[in-house]
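What follows is calculated from the coordinates using simple rules that are stated; it is not laboratory data. Since the structure is predicted, the reported quantities are computational estimates derived from the model, not experimental observations. So basically every Cβ, Gly included, is an ideal-geometry build from the backbone, and we count neighbours across all protein chains shown.
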Amino acid sequence: MSENFIPLSKPSLQGNELKYVTEAIETEWVSTAGPFIQSFEENTADYVNSTGAVAVQNGTSGLHIALEVIGTGREDEVIVPTLTFIAAVNPVKYCGAEPVFMDCDDSLCLDPNKLEKFFEKECEFSKGILRNKATKKQIKAIVVVHVFGNMADMESILEVAEKYNLPVIEDATEAIGTYYKKGKHQGRYAGTMGTFGVFSFNGNKIMTTGGGGMIVSNDNELLAQARHLITQAKSDPLYYTHDQVGYNYRMTNLQAALGLAQLEQLESFIETKSINYSHYQEAIKKIPGLELFSFRSSIRPNYWFYAIKVQSEYGLTRRELIDSLEQEKIQARPIWDLIHHQQPYKNAQAYEIEKAPIYLNLIVNIPCSSDLSSRDVERVNVCLAKLNEPTEMGSDQY
């Protein structure tokens with residue numbers, strides 16, 4: 001019997017999704033107004049314990065609005081990681097600003113030590129403003145990405161940011177549900193420690209609205225500004241008076257209906273992902289040359305993506321492993337190529353990028369869907385072990 005295809009990450013739609021979406025259709029609230037939007041915003045804010053939330057089209061638009069609200073412009077620079085999806089960086093250019101690329105630490109997230117070193121050695125801090133010595137431009141903000149549902153070292157990053165009077169925008173698009181379980185920020189969720197946090201509900205995320213995102217903050221005034229900008233900056237919605245350039249970045253009521261049903265199941269998704277992670281871990285630790293990437297011990301992660309490090313002892317390269325799994329109908333993916341290598345950013349400043357290139361050549365993501373069955377996990381594990389086994393004809397036969 002032919003085996004089924006195991007995708008990398010697909011949504012699980014087994015809750016109230018159909019019920020809520022049907023209600024939105026039957027009441028004809030299908031566009032960018034309707035009760036599900038407000039409910040989804042309120043319930044998300046309650047879940048992560050933030051002051052409020054603003055639903056948007058996607059995570060990218062949320063990051064763009066966050067940068068706009070803090071006043072990012074053409075004379076500014078924004079600190080960004082190079083090891084991330086490009087959507088974390090492009091909004092900097094939407095604002096006319098320039099990114100400055102930082103290395104990752106061993107969590108795959110932005111390295112706070114190099115961040116501080118860059119500020120100390122390459123910048124000038126005067127009258128509350130930090131400027132890049134080389135360009136004379138103001139460093140406007142730090143964008144931190146919580147990679148694969150891990151948590152960046154927020155304690156250290158926030159200390160550096162406070163020292164230099166910089167807002168932090170948390171790209172928590174992969175990390176809804178991740179929180180500190182101990183330490184200075186115990187109980188605080190990814191996305192709620194910076195000036196803004198942004199979540200994504202793309203189809204491959206732990207919970208989905210098909211496409212969609214959410215901005216959260218503990219500052220009501222900033223949230224109001226964000227809401228104003230995503231609704232075309234209408235100062236008078238009845239007579240279509242606009243006081244600045246705004247954006248059509250609103251989430252639809254249909255999407256919010258889907259999101260509300262997904263949010264109700266988020267903790268069960270995380271539980272399933274945690275169990276599957278443990279099953280992977282138990283099997284992979286027995287395979288020479290493979291290591292399942294770990295999460296910070298101080299956090300409860302959401303286990304969004306499972307990443308394995310493929311080292312020379314395994315016998316296959318990263319590319320060969322991905323290709324071999326594809327032949328077994330198992331989808332796997334490499335980590336993103338470094339953003340400062342991408343064509344639009346080849347002339348951007350990149351500071352002491354050392355670890356990111358190493359991880360670029362090691363990391364493979366393996367199936368991690370919110371409803372991934374134990375049978376499928378076992379099948380992936382068997383394939384990973386089988387591909388490590390020597391062939392009948394040794395290398396001396398060639």
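Report the local net charge at ALA175: Lys and Arg +1, Asp and Glu -1, summed over other residues whose C-beta lies under 15 Å from its C-beta. Local net charge: +1.
Rounded to the nearest 0.05, what FRET efficiency do VAL245 and GLU42 give with R0 = 25 Å and r taken as the Cβ-Cβ distance? Could you check? Walk me through the numbers on the way to the answer.
Values: r = 28 Å, r/R0 = 1.14.
After rounding to 0.05, the efficiency reads 0.30.
Expressed to the nearest 5 percent, the antiparallel share of DSSP beta bridges inside the chain is 60 percent. Computed over the chain with a Gaussian network model linking Cα atoms closer than 10 Å, the most mobile of PRO81, PRO334, PRO99 is PRO334.
Which distance in nm do the two modelled labels at LYS329 and SER373 give, with both placed 7 Å along the Cα-to-Cβ direction? About 1.2 nm separates the two model spin labels.
With both labels modelled 7 Å from their Cα along Cα-to-Cβ, the THR51 to ALA224 distance reads 1.0 nm. Largest mean-square fluctuation among GLY211, GLY259, GLY128, in a Gaussian network model of the chain whose springs join Cα atoms under 10 Å apart, belongs to GLY128.
Rounded to the nearest 500, what is the chain's calculated 222 nm mean residue ellipticity when only DSSP H runs of at least 4 contribute -39500 (n - 2.57) each, over all residues? Numbers along the way, then the final one.
Values: 11 runs with 135 residues, N = 398.
Per the formula, -10500 deg cm²/dmol.
Annotation for ALA134 and THR317: the two label points, set 7 Å from Cα along the Cα-Cβ direction, are 3.0 nm apart. When the C-alpha to C-alpha distance is required to be over 22 Å, the pairs from LYS137/LYS163; LYS205/LYS386; LYS273/LYS355; LYS117/LYS137; LYS273/LYS386; LYS286/LYS309 that qualify are LYS205/LYS386; LYS273/LYS355; LYS273/LYS386. With a cut-off of 14 Å between beta carbons, the residues surrounding ASP337 carry a summed charge of +4, where Lys and Arg count +1 and Asp and Glu -1.
For the chain, give the magnitude of the charge dipole about the Cα centre (Cβ charges: +1 Lys/Arg, -1 Asp/Glu; no others), in debye to the nearest 20.
Working: 37 positive and 51 negative charges, 107 e Å.
With only Lys, Arg, Asp and Glu charged at Cβ, the dipole is about 520 debye.
Take the alpha carbon gyration tensor of the range 190-347, find the square roots of its eigenvalues, order them as a ≥ b ≥ c, and report rounded if a/c is under 1.5; if not, report prolate when a/b exceeds b/c, else oblate. Here the range 190-347 falls in the prolate category.
Return the single residue from TYR249, TYR189, TYR351 with maximal mean-square fluctuation; model: Gaussian network over the chain, springs between Cα atoms under 10 Å. For the chain, modelled as a Gaussian network with Cα springs under 10 Å, the answer is TYR351. Kirkwood hydrodynamic radius, computed over distinct alpha-carbon pairs, for the chain: how many Å, to one decimal? Radius from the Kirkwood sum: 22.1 Å.
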